[in-house]
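The values are calculated or read from the model by the stated rules, or taken from the named source; none is laboratory data. As the structure is a prediction and not an experimental result, all values here were calculated from the model. A quick note on method: Cβ atoms are made from the backbone with ideal geometry, for glycine too, and the neighbour counts reach across all protein chains shown. Remember, those area values only see protein heavy atoms, side chains included, never the ligands or the DNA or RNA. Shrake-Rupley method; radii C 1.70, N 1.55, O 1.52, S 1.80 Å.
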Amino acid sequence: MPSCEDSEQGTAALTISSAADAEATHSLHAWVTLAITFAIYTMNVADRFIFSTLLQPLKTEFALSDTGVASLNLALGIVLMTFGIPAGVLADRMSRRVLLFVSTSFFSVMTAFGGLVVGLPAFVATRLGVGLGEAGCTPPSLSLLADRFPPARRGVAMTIFTLGICAGSYL
């Protein structure tokens with residue numbers, strides 16, 4: 001018959017096993033979050049870089065000067081800078097997963113519309129929409145990663161996330 005000590009040891013072993021399982025699940029969840037946010041960031045950057053490969057066709061399509069085509073990308077950058085801080089405030093006040101989903105969906109739809117529109121005003125509107133959507137992606141991504149990774153692993157997680165810049169420019 002098991003003694004009281006055996007029972008306590010069994011409970012301790014169960015607690016340790018449960019803690020290890022919880023840690024493994026938490027770690028897996030953190031790495032999945034990192035993979036998803038990395039992919040989103042990579043696509044954000046790829047969208048910005050693909051624009052530079054389309055400069056000549058855009059100039060021809062819309063009869064733009066060098067200054068005119070540069071202004072299109074400048075507009076995207078201004079929207080990103082302007083709405084990045086409000087997106088950070090939203091990330092602090094609402095579900096970051098929802099904000100990330102809505103922002104990613106919005107910039108994806110606006111990117112697709114950019115390929116379908118006719119005329120410069122509509123194209124500019126889609127690029128501004130892309131900037132608005134992209135501005136809402138980084139703040140919740142960084143916040144989610146900070147929540148999911150302990151301080152001892154956070155530096156590696158943030159480094160991998162920011163490597164999305166290199167991956168996006170490569171695409």
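Observations on the structure shown:
- Portion, in percent, of the accessible area of the stretch 33-80 that falls on carbon or sulfur, probe 1.4 Å: 71 percent
- Treating r as the C-beta distance of Thr67 and His29 and R0 as 30 Å, the FRET efficiency rounds to 0.05.
- Solvent-accessible surface of the stretch 29-118, taken per residue with a 1.4 Å probe and all protein chains present: 60 Å².
- Taking a ≥ b ≥ c as the square roots of the eigenvalues of the Cα gyration tensor, the stretch 60-105 is classed as oblate, since a/c reaches at least 1.5 and a/b does not exceed b/c.
- Whether the stretch 24-114 is rounded, prolate or oblate, judged on the alpha carbon gyration tensor where a/c under 1.5 counts as rounded: prolate
- Look at the dipole of the stretch 93-171 built from charges on Cβ: of Thr126, Ala167, Cys137, the Cα furthest out on the positive end belongs to Cys137.
- Ordering of 83-96, 124-137, 150-163, 32-45 by packing [mean C-beta count within 10 Å, highest first]: 124-137, 32-45, 83-96, 150-163
- Tensor-based shape of the stretch 44-171 (alpha-carbon gyration tensor, a/c under 1.5 rounded, otherwise prolate or oblate): prolate
- Estimated distance in nm for a label pair at Val89 and Gln56, the labels positioned 7 Å out from Cα along Cα-to-Cβ: 4.5 nm
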